[in-house]
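*Asks:* Quick one: the structure is below, and I'll ask about it shortly.
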Amino acid sequence: MNKSFNPVILEQFGAIIGKVHSFSFPKRQGATSEVIFLHTDNGQFVCKVAQTSLYREWLLEEARIMKHWNEETNLPIPTFYQFVENNDESYLLMSLENGIPLREALLKVESDKERYDLLECFGALLKQLHETKPPTSWVTKESWLDEQLEKATYNLQNYDVDGDQPLLDNLKRHKPVPFEQTLIHGDCTIDNILVSNGRVRTFIDLAGSAFGDPRYDIALAIRSIRNNEKMLNAFYKGYGLRTITKEEFDYFDGGLYEFF
Ligand SMILES: Nc1ncnc2c1ncn2[C@@H]1O[C@H](COP(=O)(O)OP(=O)(O)O)[C@@H](O)[C@H]1O
Ligand SMILES: [Mg+2]
């Protein structure tokens with residue numbers, strides 16, 4: 001996608017955002033969308049645009065989840081405004097939240113202490129999420145993991161994913177022991193958490209959120225820090241609920257995540 005302003009955004013969202021003064025982009029785009037920051041008469045907004053059918057489905061899901069969490073939880077996430085689509089693209093309009101992704105913040109810190117503080121704060125925020133009462137309609141006895149394995153099968157057959165059939169067969173044969181399900185983020189990497197004023201504050205990129213297995217979030221949260229014992233300890237100090245084993249980490253990070 002190019003770095004010009006897409007006029008469709010004004011047509012679709014003009015009534016909410018008013019006149020656009022300028023627009024800008026995040027330092028690093030995600031893998032599934034183009035994000036545009038809009039500076040307008042009515043404040044600052046984010047428009048997230050998706051083009052391929054799988055990513056458009058995920059964006060719709062993200063819109064639904066964001067609306068639901070805004071209404072039913074106190075979790076720190078952007079405010080949902082509107083979702084629209086045309087033949088070519090889907091658009092999600094939400095609030096622009098303060099901050100930069102945790103990955104960027106970790107590169108900017110000037111001392112180990114600041115680094116460990118950020119990771120402890122990340123752990124504490126994830127704990128808050130896993131302890132949040134899920135919206136009643138989300139609570140189910142169905143296994144999130146089984147549902148994910150079905151989605152993984154579908155994704156493998158229909159889309160270009162990193163995982164392959166032998167890996168999927170292995171994941172189906174060797175499921176970890178069942179675990180109490182909680183509200184989860186579902187793509188809890190350090191790219192999808194925003195930091196401002198030295199605090200890890202806001203969850204973004206919510207399409208995978210569900211009532212699911214919290215070990216998936218832990219695995220993705222620690223994937224870039226697990227080889228650094230002090231950083232890992234700082235994360236777990238904030239998280240405090242449990243640790244995951246190497247087998248569990250491998251099942252979720254190098255395993256299930258390869259199909260999404
Ligand atoms: N509401 C928001 N407020 C501030 N920055 C955001 C917001 N939404 C997205 N971003 C920025 O855009 C980047 C990509 O957004 P993200 O939702 O993670 O897209 P993708 O699904 O493609 O990974 C984020 O890493 C962040 O820098
Ligand atoms: Mg992202």
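*Asks:* Taking all protein chains as present, what is the carbon and sulfur share of the accessible area of the chain, in % to the nearest whole number, probe 1.4 Å? Could the numbers behind the result be given before it?
*Replies:* Values: 6300 of 13400 Å².
Taking all protein chains in place, the chain shows 47 percent carbon and sulfur surface.
*Asks:* Can you give me the Cα centroid spacing of region 165-205 and region 118-133 in angstrom?
*Replies:* 12
*Asks:* With unit charges on the beta carbons (Lys and Arg positive, Asp and Glu negative) and the dipole taken about the Cα centre of the chain, which residue among 241, 181, 70 sits farthest to the positive side?
*Replies:* Farthest towards the positive end: 241.
*Asks:* Can you give the local net charge around residue 232? Use residues other than it whose beta-carbon is closer than 13 angstrom to its beta-carbon, Lys and Arg +1, Asp and Glu -1. It would help to have the intermediate numbers written out before the result.
*Replies:* Values: positive: 115, 223, 226, 230, 237, 246; negative: 120, 229.
Cβ neighbours under 13 Å give a net charge of +4.
*Asks:* If we restrict to alpha carbons, what Rg and Dmax does region 1-101 come to, in Å?
*Replies:* 13.0, 37
*Asks:* What order do 249, 23 take when sorted by accessible area (1.4 Å probe), most exposed first?
*Replies:* On the way: 249 15, 23 80 Å².
The ordering from most to least exposed comes out as 23, 249.
*Asks:* Let me ask you something else. In nm, what is the difference between 0.36 nm times the number of residues separating residue 137 and residue 51 and their Cα-Cα distance?
*Replies:* Full extension of this stretch gives 28.0 nm more.
*Asks:* Go through 7, 156, 193 and say which Cα lies farthest out towards the positive end of the charge dipole of the chain; charges sit on Cβ, +1 for Lys and Arg, -1 for Asp and Glu.
*Replies:* The listed residue farthest towards the positive side: 193.
*Asks:* Hey, another quick one. Would you mind counting up the charge near residue 157? Only other residues with Cβ under 13 Å from its Cβ, with Lys and Arg at +1 and Asp and Glu at -1. Walk me through the numbers on the way to the answer.
*Replies:* Details: positive: 151; negative: 150, 160, 164.
So the surrounding residues net to -2.
*Asks:* Hey, what angle do you get for helix 144-158 against the long axis of the chain, alpha-carbon based, 0 to 90 degrees rounded to 10?
*Replies:* 60
*Asks:* Kindly state, to the nearest 0.05, the FRET efficiency for residue 68 paired with residue 226, given R0 = 22 Å and r defined as their beta-carbon distance. Walk me through the numbers before you get to the answer.
*Replies:* Values: r = 31 Å, r/R0 = 1.43.
That gives a FRET efficiency of 0.10.
*Asks:* Just list whichever of 175/246; 151/175; 151/246; 27/48; 141/175 have alpha carbons separated by over 19 Å in the model shown. Don't skip to the end; give the middle numbers.
*Replies:* Working: 175/246 14 Å; 151/175 15 Å; 151/246 24 Å; 27/48 14 Å; 141/175 17 Å.
Among 175/246; 151/175; 151/246; 27/48; 141/175, the Cα-Cα distance tops 19 Å for 151/246.
*Asks:* Given a 1.4 Å probe, how much area per residue of region 7-95 is accessible, in Å²?
*Replies:* 50
*Asks:* Round to a whole angstrom and tell me the spacing of the C-alpha centers of region 83-114 and region 244-258.
*Replies:* Each part's Cα centre sits 25 Å from the other's.
*Asks:* Suppose we flag GluC sites (Glu not before Pro) only when DSSP calls them loop and at most 12 other Cβ atoms lie within 10 Å. Which is the longest uninterrupted stretch of the chain? Display every interim value, and only then the final one.
*Replies:* Details: sites that count: 110, 142, 180.
That would be 1-109.
*Asks:* Nearest 10 degrees, 0 to 90: what angle lies between the long axis of helix 112-131 and the longest principal axis of the chain (Cα atoms)?
*Replies:* Between the helix axis and the principal axis of the chain, the angle is about 90 degrees.
*Asks:* Among 16, 102, 45, pick out the residue whose Cα is farthest towards the positive end of the charge dipole of the chain, where Lys and Arg carry +1 and Asp and Glu carry -1 on C-beta, about the Cα centre.
*Replies:* Of the candidates, 102 comes out farthest on the positive side.
*Asks:* Tell me the net charge near residue 218. Cut-off is 12 Å between Cβ atoms, residue 218 excluded, with +1 for each Lys or Arg and -1 for each Asp or Glu.
*Replies:* Taking every Cβ under 12 Å from that of residue 218, the sum is +1.
*Asks:* Next question, about the same structure. Amide H of residue 79 versus every other amide H placed in the peptide plane: which residues, excluding those fewer than 5 positions away on the same chain, fall under 5 Å?
*Replies:* The list, which skips near neighbours in sequence, is 95.
*Asks:* Just the accessible area per residue of region 100-259, please: how many Å² with a 1.4 Å probe? Spell out each step's value before the answer.
*Replies:* Values: 8100 Å² over 160 residues.
That works out to 51 Å² per residue.
*Asks:* If you don't mind, there's one more thing I want to ask. Let me check something: with ligands and nucleic acids excluded, how do 58, 69 order by accessible area (1.4 Å probe), largest to smallest?
*Replies:* Working: 58 65, 69 0 Å².
Descending accessible area places them as 58, 69.
The values are calculated or read from the model by the stated rules, or taken from the named source; none is laboratory data. Not measured: the values here are computed from a predicted model. A quick note on method: Cβ atoms are made from the backbone with ideal geometry, for glycine too, and the neighbour counts reach across all protein chains shown. SASA here: full protein model, heavy atoms, side chains in, ligands and nucleic acids out. Shrake-Rupley method; radii C 1.70, N 1.55, O 1.52, S 1.80 Å.
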